[in-house]
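A.B. asks: Would you mind keeping the following structure in view while I ask a few things?
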Amino acid sequence: MNAKYLWLKFLFVLAVVLVCVWSLLRGGGLKQGIDLKGGHSLTFEIRTYAADIANLKTEREKVEQELQAAADDKARAELQSRIERINAEIKRLEGEESTGASIVPQVIGVLKDRIDPNGLRNLEWKPVGRDRFEVRMPAAGEDSKLRRRAYEEARKNLEEGNLQRGELARLVATTDSQEQAKQIASLSGADEQLRKGLETLLAAHAEMQAAEKRLKDAKTKEQIDAATADFENKRVAYGGQMREALSHNVNIPALQEILGLYVSDAEAAGLKSDEVKTRRALFAERLGQFLARYPARAAQIQKAVDLYQDWAKVRQWLEDPVDLKRMIAKAGVLEFRIAPYLPGIGRDFTIERSEYEAAVKSLQEDGPEGLRKRNAKLLWFPIREGEEKFSNLITAKGPDGRMYLLLYNEPDKAMLHETGPGSWALKDARPDIDRMGRQAIGFSLNAAGAQIFSRLTGAHIDHAMAILLDDEVYSAPSIESAIGSSGIITGTFTEEQVDEMVRTLRAGSLPARVNPEPVAERTFGPTLGAINRDMGIRAAYWGLIAVAAFMLVYYLLCGAIADVALLLNIILILGGMSLMSAVFTLPGIAGVILTIGIAVDANVLIFERLREEQARGQSVRMALKNAYERAFSAILDANVTTLVTCFILGWVGTEEVRGFAITLSLGVVFSMFTALVVTRWVFQVLLDARVVVNPLHMLRIIGTPTVNWMKYRYAFWTMSAAFMVLGVVSLFWQKSAIWGIEFSSGTQAVVTLRDGQLLRDPQSGKMELPTDDLVRRMFLDQAREMNKTRGDLQMLLDTARVEKLINPFQARDLLRKYDRNEDGKVSRDEWKQAGLGEEFFAKVDRDGDGLLDRGEMDADRWPTVSYQITTTETKLQKIRDVSATAFGAALDIRPDCKYALAKGASFRSLGVDIDDRGYEKISAQVVENADPSYREQLRDYQGGVIFVVRDIAPALTARSMRERIGDMRLQPDFQGQNNQTEVIPLTAAEGDTFSAFAVLVRSDDVAVAEADDAWDAFAAKEVRLVEASLERGESIVATVFDAAIAGKAAQQALVAVVLSWLAIIFYLWFRFGSAQWGLAAVLCLIHDTIIVVGLVAASGWLHEHIGFLGIQSFKIDLAMVAAILTVIGYSVNDTIVVFDRIRENRGKLTTVTGQVINMSINQTLSRTLLTSFTTLLVVVIMYVWGGDGIRPFSFALLVGILFGTYSSIAVASPLLMGFKKALVHKVVGVAATE
């Protein structure tokens, strides 16, 4: 053993350990997968070009018919040219269809630019095959939601502190001077300037009333004319004072725009430093100006700003997959607008300088939304990049630092996005050349688009036409001629600019290309993820202690050195994952636990070899040297085969399965390093320091037996055949029920009830505690009832299975939530303070002492709140609909609501009529005609809009309705609509819920109420926002796979298993010099695989008839495939240990004899059983304490290790003689040392 440069070697190990520890504690840490931290995975499908190709072929047939009927050469030439263009387009599309030419990366790139341009929304995008892509988004944490609510409450307080028109009307209507003074003090607070303004308002109102009285008393024409003029002056003065009083109101939309400039430290990491610096400077400057504008309310405003900044540190922009689906459905909207030229450049189609200056002033003072709110004829749009491309057009820098282009907003000067039948659409875009041979962009429109585009371009030849995608300006080329169904956009383009424009235009067809409903969806709740994580970590902790203790007790000093190597191995694994930014998943935790068992395998092989060498009388130094050298080949071969299965898993698996593969492969590599290298260095130090001079002592439980194993091979094979038959029968018994939804297609959803909720038993009508039987009946009964009218729930009814999910940390979680005084119990008062029902408390307070202790809150006694619904139905929305109707307000999610927008209806309770558009302007007349009980509320929103949503199902509380609208205003696609809103409950439902609400919205921009077009646009946007808020439900924890995804997953799983077998055959062929060794090992693996799969299938019967030992009805899913592949790797590991000794004992013999097999098995039996025992130890701990999340995985490993160890001895070794010899060969017992 070489001691050269030993200190440098330890220094290297120390440096690596320090780097790993730094990365874990100070660097990136461990990146948790969505199954641990909670989150969502959605797989979307891109519609291919098949339909486009079919349409083009149909069009070609029509043109060919026209060609045959053409009368002259000119017509035939034009038609032939059209056919050639169609053929070229078909060829291009077929080429892209056959090669999958970057359509997925292109779509991902466009969507990322549209939805997450700065990478601040924590979205992960990756291609899945040729026509799908996956998006992963983290679940919004409870902390983020709480901080957002705090900010919304502060913003609401600001709104409530603003003066309302109704309050001013009540003030001026008061005649008592003392009451007036009291109201003025209440309304003005500490704002002295506002107090004076209100006093002036009262005086102006008194003067207007006096003038009105003089007008009524006037008799002659001269008196009437004079009185009329005086009254009009006094009325105008009063109106001015009213506006002056209202000007003291904090402009909430303006504040929201300023807050939009704020950049948190986390968000700054995804932006350019110049942009961060600019935005932060603008934020500070504009906030300072805003606070100076409202000195009396500066503290209240600053509090709202502080809470917003606090939320910004942890906020999740997209809090739910519903938001992502909505934004994907809206992404890629292509539009065209004509651009005016700068005034005074000597070209037509310019605007007046006064218009130009007014537009620039509006942009700088009110931002781009200023003109939008007024629905002005000219609007500002942000420029994608490079304002130098827009020379002679009107550009200006906005308050957010971006450059904007001024464009027309008139029907005859724009071609805007439309939806529905008959709407225009872009069919394709492609690189082209113009008549002069210059770079250009060719494109094709459908028939409706051709007509509109021809009119637009024909009317604006030589004018600039801006091309916009999602309201961003990409280019503004000049129109040279009218363009119809197909044409080219010309200009001085480079090849790169042409490619960019083609991508831009093609992205305009994204709404038709990307299916906004995912074909696969998985959601992990943060609570369930925390439970999985905590139980997995606990299992890893106890597994480490158990293995370390066994090694220390059994191998004494050698065991202590192995334990150091084991600890080092874990640090290297976790640090390596951190440095690689690999995702740490629940199967990854299982990989760490399994590594703990596998890591000591190499040490066991070395130490058992050391025992043999010492028994031969060698010195401790020589014995250690020989032990490491002679154990190396078995260790290498065993670990390489495990690595092979890890690589295959990494190729075939999901992110969660890949997490296991990465963890296990790192564990294999590092365990070889620590066991073969580091422990040897440690022994070298002990030898050189003469700490170790005598033979190393170790306990010995298993000696070297002299069993004639070959004698019992027929009994072994009979037992194996019996288990294999049992496995096959179990598979036939289970049939398709054995498959998890990743392979069978379907949905697995978790329905969670709120704490403290009782459910009404449909049979007895009584309120009862939730039970699995009650929840199952309520869900299925509701599905059956809904199916009578819907007719599309039969598959759900036929296949739905409802099972409870037990939270082993139930008592801990309840105490954390509700034990305010931290005495280890939840009192009745603490329960009531949390807003939970007393009737529920009384039912769970079994001893009636008014306190809930840990025993009463234990998972075995506490009502289960989470239930898993498994079905072959792939439409998750159907489960949501049934659950929302069955459990209503008891559900612990915000459901999406069905509703109707009232149109052409009269509401007597309000005294308001709604027109056929579905909304009504709150005019002075509407206020006066309204029911007196609502008149003051309507007066506060005069000039705004009122509309009614009814038939809301499930019904909502008024608070929930307000929260939905407030939350939607914070969504990225509704930012800028920061208008004051009130909801009026109309139709009562059960409890404190309502099925109809009137919604009142007022814009703070007075110009909106005065301009009809602007008001209509404002009203329509607000209606859409409220509709979106009702349609926006929170996702339930679910996994959804359609048939195509499931079929592909099953195919990949089968390929993975077969590939692992083939890889092992070829590797063992290479290492042992004969294919027979590989075939014997693979036959052994097939034996193990059939038995493991069979017992997994039999678990359903065992669960039903035995129901203990934690056995459930396990399914074969991707995690189970990972376990089976791990069993393959581990089983061959054991087999190789025996094979390696057989090869050594065979020596120069050409064939393997029964005596050699017996000798080899006896000599390696102790290390075979010990290595299996250490691994089995951690797997048992993982099975018992690892939780339901990894129990199926653990079950397969447990069975696989037991039968893998058995088959290495009883199945694989006899096959090395060949099949014929193995059947007929007779062997007498042979001593192990013979």
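Values in this text are rule-based calculations from the coordinates and carry no lab data. Model, not experiment: these values are computed from the prediction. No Cβ is skipped: glycine too gets one built from the backbone with ideal geometry, and neighbour counts run over all protein chains shown.
A.B. asks: Could you give each residue of segment 1073-1086 its phi-based ³J(HN,Hα) in whole Hz, using Karplus coefficients 6.51, -1.76, 1.60 with θ = phi - 60°, and x for Gly or Pro?
C.D. replies: Those phi angles translate into x, 8, 5, 4, 5, x, 5, 4, 5, 6, 4, 4, 5, 4 Hz.
A.B. asks: Please list, ordered by chain and number, the residues whose modelled amide H lies under 5 Å from the amide H of THR350; skip anything fewer than 5 residues away on the same chain.
C.D. replies: Under 5 Å from the amide H of THR350 lie the amide H atoms of TYR341, each far enough along the sequence or on another chain.
A.B. asks: Restricting to segment 334-507, compute how many DSSP beta bridges are antiparallel as a %, nearest 5.
C.D. replies: Of those bridges, close to 95 percent are antiparallel.
A.B. asks: Return the FRET efficiency for the residue pair LYS303, ARG690: r is the Cβ-Cβ distance, R0 is 45 Å, and the value is rounded to the nearest 0.05. Please report the intermediate quantities before stating the final value.
C.D. replies: Working: r = 72 Å, r/R0 = 1.59.
Taking R0 as 45 Å, the efficiency between LYS303 and ARG690 is 0.05.
A.B. asks: Would you compute, for the Cα atoms of segment 184-241, the largest minus smallest coordinate along each principal axis and list the three values in descending order, in whole Å?
C.D. replies: 48, 16, 10
A.B. asks: If you average the sequence gap of Cα pairs under 8 Å that are 6 or more apart and divide by the length of the chain, what percent do you get for the contact order? Mind dumping the intermediate values first?
C.D. replies: Details: 1993 pairs, mean separation 163.7, N = 1234.
Result for the chain is 13 percent.
A.B. asks: How far apart, in nanometres, would the label points at ASP915 and ALA715 be if each is projected 7 angstrom from Cα along the Cα-to-Cβ direction?
C.D. replies: It is 9.5 nm.
A.B. asks: Let me ask you something else. Using the number of other C-beta atoms within 10 angstrom as an exposure proxy, rank TRP681, TRP733 with the fewest first.
C.D. replies: Going from sparsest to densest Cβ surroundings: TRP733, TRP681.
A.B. asks: Here is a follow-up. Can you list the lysines whose alpha carbon is less than 17 Å from that of LYS735, not counting same-chain residues fewer than 8 positions off?
C.D. replies: Straight-distance partners of LYS735: LYS1115.
A.B. asks: How do PHE716, PHE1070 line up, fewest other C-beta atoms within 10 Å first?
C.D. replies: Ranking PHE716, PHE1070 by Cβ neighbours within 10 Å, fewest first, gives PHE1070, PHE716.
A.B. asks: Continuing with the same structure: If we sort 956-963, 993-1000 on the protection proxy, mean other Cβ atoms within 10 Å, highest first, what's the order? Before the final figure, lay out each step's value.
C.D. replies: On the way: 956-963: 18.0, 993-1000: 22.0.
Going from most to least packed, we get 993-1000, 956-963.
A.B. asks: Using only the Cα atoms of segment 209-360, construct the convex hull and provide its projected area averaged over every direction, in square nanometres to one decimal.
C.D. replies: 18.6
A.B. asks: What share of the DSSP beta bridges in the chain is antiparallel, in percent to the nearest 5?
C.D. replies: Counting only bridges with both partners in the chain, antiparallel ones make up about 95 percent.
A.B. asks: Residue by residue, what Karplus-based ³J(HN,Hα) values in Hz, rounded to whole numbers, does segment 986-992 have, using 6.51, -1.76 and 1.60 with θ = phi - 60° and x for Gly and Pro?
C.D. replies: 10, 10, 6, 10, 6, x, 9
A.B. asks: Sticking with this structure for a sec: Keeping to pairs on different chains or 8 or more places apart, tell me how many lysine pairs in segment 334-507 have Cα atoms under 24 Å apart.
C.D. replies: For segment 334-507, the number of qualifying lysine pairs is 14.
A.B. asks: Let me know the number of lysine pairs in segment 741-890 closer than 16 Å at the Cα, not counting same-chain pairs under 8 apart. Display every interim value, and only then the final one.
C.D. replies: Working: LYS766/LYS843; LYS788/LYS878; LYS817/LYS825; LYS817/LYS832; LYS832/LYS843.
Total qualifying Lys-Lys pairs in segment 741-890 comes to 5.
A.B. asks: Can you compute the modelled spin-label distance between LEU797 and ALA737, with each label point 7 Å from Cα toward Cβ, in nm?
C.D. replies: 2.1
A.B. asks: Evaluate the distance, in nm, between pseudo-label points positioned 7 Å from the Cα of GLN868 and of ASP973 along their respective Cα→Cβ axes.
C.D. replies: Inter-label distance under the simple model: 3.3 nm.
A.B. asks: Hey, what do the phi angles of segment 1195-1211 turn into as Karplus ³J(HN,Hα) couplings, whole Hz, using 6.51/-1.76/1.60 and θ = phi - 60°, x for Gly and Pro?
C.D. replies: 4, 5, 5, 4, 5, x, 5, 4, 6, x, 5, 4, 6, 4, 8, 8, 10
A.B. asks: Of the peptides 171-181, 1170-1180, how do they stack up when ordered by the mean number of other Cβ atoms within 10 Å, highest first? Write out the running numbers ahead of the final one.
C.D. replies: Working: 171-181: 12.5, 1170-1180: 23.1.
So the peptides 171-181, 1170-1180, ranked by packing, come out 1170-1180, 171-181.
A.B. asks: Right, another one. Starting from the amide H of THR957, placed 1.01 Å from N in the peptide plane, find each other amide H under 5 Å away whose residue is 5 or more places distant or on another chain.
C.D. replies: Amide H neighbours of THR957: PHE994.
A.B. asks: Length gain on complete extension for the stretch ILE461 to GLU1031, per 0.36 nm per residue less the alpha carbon to alpha carbon distance?
C.D. replies: Extending this stretch completely gives an extra 200.8 nm.
A.B. asks: Follow-up question, since we're still on this one. Considering only lysines 8 or more places apart in sequence, or on different chains, count the pairs in segment 163-248 whose C-alpha atoms sit under 21 Å apart.
C.D. replies: 7
A.B. asks: So, one more: For segment 710-740 and segment 247-299, compute the distance between their C-alpha centroids and round to whole Å.
C.D. replies: 70
A.B. asks: Rounded to the nearest 10 degrees, what's the angle between the helix 1043-1072 long axis and the longest principal axis of the chain, both from Cα atoms, 0 to 90?
C.D. replies: Relative to the chain, helix 1043-1072 is tipped by roughly 30 degrees.
A.B. asks: For segment 604-706, rounded, prolate or oblate, judged on the Cα gyration tensor with a ≥ b ≥ c (square roots of eigenvalues), a/c < 1.5 rounded, else prolate if a/b > b/c?
C.D. replies: In terms of gyration-tensor shape, prolate.
A.B. asks: Right, another one. What's the FRET efficiency of VAL128 with GLU94 using the Cβ-Cβ distance as r and R₀ = 35 Å, to the nearest 0.05?
C.D. replies: Values: r = 23 Å, r/R0 = 0.65.
Plugging the Cβ-Cβ distance into 1/(1 + (r/R0)^6) gives 0.95.
A.B. asks: Right, here's the next one. Mind ordering 455-462, 870-877, 549-556, 1119-1126 by average Cβ neighbours within 10 Å, highest first?
C.D. replies: Listed from highest to lowest mean packing, they are 1119-1126, 870-877, 549-556, 455-462.
A.B. asks: Next question. What FRET efficiency comes out for VAL844 versus MET724 if R0 is 56 angstrom and r is the Cβ-Cβ distance? Round to the nearest 0.05.
C.D. replies: With R0 = 56 Å, the Cβ-Cβ based efficiency is 0.70.
A.B. asks: Under the 0.36 nm per residue contour assumption, what length would be gained going from the current alpha-carbon distance of ALA296 and ALA70 to full extension?
C.D. replies: Details: separation 226, 0.36 × 226 = 81.36 nm, distance 8.20 nm.
Extra length available between ALA296 and ALA70 comes to 73.2 nm.
A.B. asks: Find how much the distance from ARG1024 to GLU822 grows on full extension, using 0.36 nm per residue of separation minus their present alpha carbon separation; answer in nm with one decimal.
C.D. replies: 68.1 nm
A.B. asks: Now a separate question. Kindly provide the helix-only [θ] at 222 nm of the chain, computed as the sum of -39,500 (n - 2.57) over DSSP H runs of four or more divided by all residues, to the nearest 500 deg cm²/dmol?
C.D. replies: Numbers: 45 runs with 716 residues, N = 1234.
Estimated from H runs of four or more residues: -19000 deg cm²/dmol.
A.B. asks: To continue, here is another question. Once you have the Kirkwood Rh of segment 334-507 from its Cα pairs, apply Stokes-Einstein at 37 °C and 0.692 mPa s and quote D in µm²/s. Display every interim value, and only then the final one.
C.D. replies: Working: Rh = 16.6 Å.
It comes out at roughly 198 µm²/s.
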